Structure formats: C-alpha cells, structure tokens
Amino acid sequence: MAIKLTWFGHGCWLIETAEHKLLLDPFLNDSPTAPIKAEKVSPDFILVSHGHFDHVADVETIAKASGALVIAIFEVAQWFGNKGLGNTLGMNIGGSTKQPFGKLTMTQALHSSSLPDGSYGGEPAGFVLEAEGKRIYFACDTGLFSDMQLIGKSGLDLAVLPIGDLFTMGPHDSLAATKLLKPKQVLPAHYNTWPPIEQDAAEWANLIRGGSDAEPIVLNPGATHQL
Ligand code: NI
Ligand code: MN
C-alpha cells in the first residue's frame, strides 16, 4: 500500500496509511498558510515534536474531538494529560513504539522546547516512521547535526526537513543534512509561514538536485505526495 503525505503548511503533516490517519504538529487555525481548519481534521494519532505553539496549537481541540492518541516526549504528553486528554503516550529520544500503523522512533533534534504556558517541555524531537514498507524521517524543528548519518543508515525513502532558517536549519544546511541522511526523496517544511522564514522553494530544489542524489519534492500547502 502507498503512504500519503499532505502538507498543511508550516510543520504540520497529515500522514495516511491504508487504515490510519496520523497528524504531525497540528498548527491550523492560527497558521496563515494552513489550507484547513482544525475542526475538519479527524486523525487516529497525533504526533507532537516539541512544545512550541506553532506545533501544539490545535492538539487539544483535535484530540478531544477525535479521541486520537497523542504521542509526544514524556513531558509534553504529561502536560496534555494534565489538560484532560486521557489518551496520551509519552516516549523519549531513542525509544520506539509499535502502533497499529507501524513503528515510530523518536529521534533527537537541536532546538528548544517550552510549552505555551512556560512549562518545561523536555527535549525537542524528530520522528522516524516505518509504515507500509516505507521509512520516513521527519526532522521537525532542528539545526543540522552529524548524527543524521546514523538516522539515514538503515535507508530512508523520504526525509522531511525544515528549510526556513532563523528558527531551524536553512536551505544550505538542509543540503548538508540531505547528504548525511541519503534519502531517496526530500521534502521541505517550516518555511513561508511568515516573512522571517521566507524561502524560495525552487532555488532550494536546485540546490538539492545539484548537490545530492535525492529528489527534491516541493508541495504547496494542501498538496499531497504519495510514496
Ligand atoms: Ni519550535
Ligand atoms: Mn516551529
């Protein structure tokens, strides 16, 4: 079966396997580029990379309406549990969990992670998703780190990398990341949401094409990539 990724703008992705819907870092109602409102999304699982508002803004609304299992680092999962979400799974970096959709491993990310009310959010994270025979790395909010080569070691069909710069790595470091990860395809995220993280995606695609063996895939918010 194929796996489908729809970009909801910024760091938010809808991931559809044959039987399950996963939503990563829901930031919809207050995002200037989101093509859909939180009320319209009904996932089975919500993955949260870290506590910043542009990654957790709609978690509570969507989780309460859908009953989705919220998967996050321990501190973030506990914070949502304290807000009354009964269905959470806390994990930590290097750990993995087998779920009905496949296997999810939490990776390190070089970033920060406080929650919107100032609570400690633990460490920021990324995810490796193994589902439908594919292996996909969501770097989420991070700077470049050389251990990305370890994440790529078992082979990646796709890497989703931030390219916005300022808060995360920018286009040039995303090329360096692509060389370490060696994915078959690479998708950009976390850019063009606001002026400080504006990037030219066509220029980025040329950079990746010229400097790596990966195929760059550029989506507009609302568009879907199937693999
Ligand atoms: Ni962040
Ligand atoms: Mn962010």
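The values are calculated or read from the model by the stated rules, or taken from the named source; none is laboratory data. Quick caveat: nothing in here was measured; it's all calculated off a predicted structure. Backbone-built Cβ (ideal geometry, glycine too); neighbour counts: all protein chains shown. Ligands, DNA and RNA are excluded from the accessible area calculation, which covers all protein heavy atoms including side chains. Shrake-Rupley method; radii C 1.70, N 1.55, O 1.52, S 1.80 Å.
Any chance you could run the full-extension gain for T224 through W194? It's 0.36 nm times the residue separation minus the Cα-Cα distance, nm to one decimal. Intermediate values should be presented prior to the final figure.
Details: separation 30, 0.36 × 30 = 10.80 nm, distance 2.18 nm.
The span from T224 to W194 would gain 8.6 nm if fully extended.
Please state the Cα pair-distance histogram of the chain with 10 angstrom bins from zero: what percent is in each bin?
With a bin width of 10 Å, the distribution comes to 8, 37, 40, 14, 1.
Leaving out same-chain residues fewer than 8 places away, which aspartates and glutamates sit with a Cα under 12 Å from that of K37?
Filter leaves D58.
Express as a percent, rounded to the nearest 5, the fraction of DSSP beta bridges in the chain (both residues included) that run antiparallel.
Counting only bridges with both partners in the chain, antiparallel ones make up about 55 percent.
Relative contact order (percent) for region 1-131, with alpha-carbon contacts under 8 angstrom and 6 or more residues of separation?
Value for region 1-131: 18 percent.
In whole percent, how big is the carbon plus sulfur part of the accessible area of region 49-201, probe 1.4 Å, protein atoms only?
Details: 3090 of 6170 Å².
Here it works out to 50 percent.
Is it possible to state the helix-based mean residue ellipticity at 222 nm for the chain, with each DSSP H run of 4+ residues giving -39500 (n - 2.57), the sum divided by total residues, to the nearest 500 deg cm²/dmol? What is it?
Result for the chain: -5500 deg cm²/dmol, rounded to the nearest 500.
How large is the accessible surface of L47 in square angstrom, using a 1.4 angstrom probe and rounding to the nearest 10?
Ignoring ligands and nucleic acids, L47 comes out at about 0 Å².
So what are the ³J(HN,Hα) numbers for region 32-46, from phi and the Karplus equation (6.51, -1.76, 1.60; θ = phi - 60°), rounded to whole Hz, Gly and Pro as x?
Result, ordered by residue: x, 10, 5, x, 8, 8, 4, 5, 8, 10, 9, x, 8, 9, 10 Hz.
Any idea what the relative contact order of the chain is, in percent, if you count C-alpha pairs under 8 Å spaced at least 6 apart? If you can, show how the numbers build up before the last one.
Numbers: 574 pairs, mean separation 40.4, N = 227.
Over the chain, the number comes to 18 percent.
Please list the non-local residues whose amide H lies under 5 Å from the amide H of T88, H modeled 1.01 Å from N, same-chain partners needing a gap of 5 or more.
Residues meeting the amide H criterion: V70.
Which value, in debye to the nearest 20, describes the size of the charge dipole of the chain about its Cα centre when Lys and Arg Cβ atoms bear +1, Asp and Glu Cβ atoms bear -1, and nothing else is charged?
For this selection, approximately 620 debye.
Would you list the membrane-span-like helices of the chain, meaning whole DSSP H runs whose alpha-carbon atoms span at least 24 Å along their axis and whose mean Kyte-Doolittle value is at least -0.5?
Length and hydropathy pass: none found.
If you find the alpha carbon centre of region 142-195 and of region 67-125, how far apart are they in angstrom?
So the two Cα centres are separated by 21 Å.
Please list, in order along region 113-127, the HN-Hα scalar couplings obtained from phi with the Karplus expression 6.51 cos²θ - 1.76 cosθ + 1.60 (θ = phi - 60°), rounded to whole Hz, x for Gly and Pro.
For region 113-127, the Karplus-derived couplings read 7, 10, 8, x, 8, x, 4, 5, x, x, 8, x, 9, x, 9 Hz, x marking Gly and Pro.
Quick query: amide H of K21 versus all other amide H atoms, modeled in the peptide plane; which residues come in under 5 Å with a sequence gap of 5 or more or a different chain?
Here D44, F45 satisfy the definition.
What pairs from K98/K153; K4/K98; K64/K184 go past 30 Å between their alpha carbons?
Where the Cα-Cα span goes over 30 Å, the pairs concerned are K64/K184.
For the peptides 150-162, 196-208, 168-180, what is the packing order when you average, over each peptide's residues, the other Cβ atoms within 10 Å and list the highest mean first? Working shown, then result.
Details: 150-162: 19.8, 196-208: 15.5, 168-180: 21.3.
Going from most to least packed, we get 168-180, 150-162, 196-208.
If you roll a 1.4 Å probe over the heavy atoms of the protein chains, what accessible area per residue do you get for region 48-205, in Å²?
That works out to 40 Å² per residue.
Assuming R0 = 30 Å, what is the FRET efficiency of N92 and D157, from their Cβ-Cβ distance, to the nearest 0.05?
Approximately 0.75, to the nearest 0.05.
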